[in-house]
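Below is one structure, written out as structure tokens, with a few remarks after it.
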Amino acid sequence: MGGCCQNFCKEFKAFALRGSVIDLAIGIIIGTAFVNVVQSLVDDVITPPLGLVLGGVDFVNLTIKMKNFVYKTQPPVVIRYGKFIQTIISLLIVALALFFVIKAINKVHKLATRKKAGKEGEELVQLEMDDQVKVLCEIRDLLAKQPIATAR
């Protein structure tokens, strides 16, 4: 039983300490922090002036109260569509930010690919030139070894 547990612990440690898992965890933590910042931006910066423009409406308080027909002694059911609107705005901002991040990553990837292809092309040309130079040097050496023919 102890050997099985030790093997499991070793395998789990190897899995958990693998680079991709750590990168994923860091991405999740940064993503969560980013979502919190965007949520604050929407709740505290964007929707208050938008509500002011719309006649002093507080988005958090935009609700529909439905009378509870089943249990008449219970409070009414409240649909908070204002918070839903704020959440949609947050989603749009996060999607827009991700779009720009992915666009930038793709641009950097294309540049890196072009530079790599350019370097490989230069190396290929250099190798071809080196091969040509080698052949020419061999021809020169062979011609130098041949006896000089005299004119008749």
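Which one of these is outside any helix (DSSP H, G or I), touching a strand residue (DSSP E or B) at 6+ places or on another chain (Cβ under 7 Å) and without any contact (Cβ under 8 Å) to a residue 60 or more places away in the chain: V70, V78, V57?
On the way: V70 fails: touching a strand residue (DSSP E or B) at 6+ places or on another chain (Cβ under 7 Å); V57 fails: touching a strand residue (DSSP E or B) at 6+ places or on another chain (Cβ under 7 Å).
From the options V70, V78, V57, the qualifying one is V78.
Tell me whether region 109-123 contains one or more residues that are modelled with pLDDT of 85 or more, among the hydrophobic types (A, V, I, L, M, F, W, C), in a helix (DSSP H, G or I) and within 17 Å of the chain's Cα centre (by Cα).
Among the residues of region 109-123, not one is modelled with pLDDT of 85 or more, among the hydrophobic types (A, V, I, L, M, F, W, C), in a helix (DSSP H, G or I) and within 17 Å of the chain's Cα centre (by Cα), which makes the answer no.
Restricting the first residue to region 86-98 and requiring it to be in contact (Cβ under 8 Å) with a residue 24 or more places away in the chain and under 24 Å from N61 (Cα atoms), which pairs with a second residue that is among the aromatic types (F, W, Y) and surrounded by 13 or more Cβ atoms within 10 Å (Cβ to Cβ) meet a Cβ separation below 6 Å and a spacing of at least six or different chains?
Listed by first residue and then by second, the contacts come to Q86/F59.
Among the candidates K103, K67, single out the residue that is touching a Pro at 6+ places or on another chain (Cβ under 7 Å) and modelled with pLDDT of 85 or more.
Values: K103 fails: touching a Pro at 6+ places or on another chain (Cβ under 7 Å).
On inspection, the qualifying residue turns out to be K67.
Of the residues D23, D44, only one is within 28 Å of I89 (Cα to Cα) and either free of Cβ contacts under 8 Å to residues at least 24 places away in the same chain or touching a Pro at 6+ places or on another chain (Cβ under 8 Å) (or both); which?
On the way: D23 fails: within 28 Å of I89 (Cα to Cα).
Every option except D44 fails the conditions.
Tell me, please, whether a residue that is of a type in the set (G, A, S) and out of contact with any Leu (no Cβ under 9 Å at 6 or more places or on another chain) can be found in region 88-96.
Quick first cut of region 88-96, residues of a type in the set (G, A, S) only: 90, 95.
Still in the list and also out of contact with any Leu (no Cβ under 9 Å at 6 or more places or on another chain): 95.
The answer is yes; a qualifying residue exists.
Being surrounded by fewer than 13 Cβ atoms within 10 Å (Cβ to Cβ) and either more than 21 Å from V101 (Cα to Cα) or free of Cβ contacts under 8 Å to residues at least 40 places away in the same chain (or both) is the requirement here; does L62 meet it?
Values: surrounded by fewer than 13 Cβ atoms within 10 Å (Cβ to Cβ): no; either more than 21 Å from V101 (Cα to Cα) or free of Cβ contacts under 8 Å to residues at least 40 places away in the same chain (or both): yes.
No.
Could you check, for region 13-24, whether at least one of its residues is of a type in the set (D, E), assigned to a helix (DSSP H, G or I), surrounded by 10 or more Cβ atoms within 10 Å (Cβ to Cβ) and at pLDDT below 85?
Kept after step one, since they are of a type in the set (D, E), are these residues of region 13-24: 23.
Within this subset, residues satisfying the condition of being assigned to a helix (DSSP H, G or I) are 23.
Applying the additional criterion that residues be surrounded by 10 or more Cβ atoms within 10 Å (Cβ to Cβ) yields 23.
Filter once more, keeping what is at pLDDT below 85: 23.
Yes, there is a match, as at least one residue in region 13-24 is of a type in the set (D, E), assigned to a helix (DSSP H, G or I), surrounded by 10 or more Cβ atoms within 10 Å (Cβ to Cβ) and at pLDDT below 85.
The values are calculated or read from the model by the stated rules, or taken from the named source; none is laboratory data. In this text, all values refer to a predicted model and were calculated from it rather than measured experimentally. All Cβ positions, even for glycine, are placed from backbone atoms using ideal geometry, and neighbour counts span all protein chains on display.
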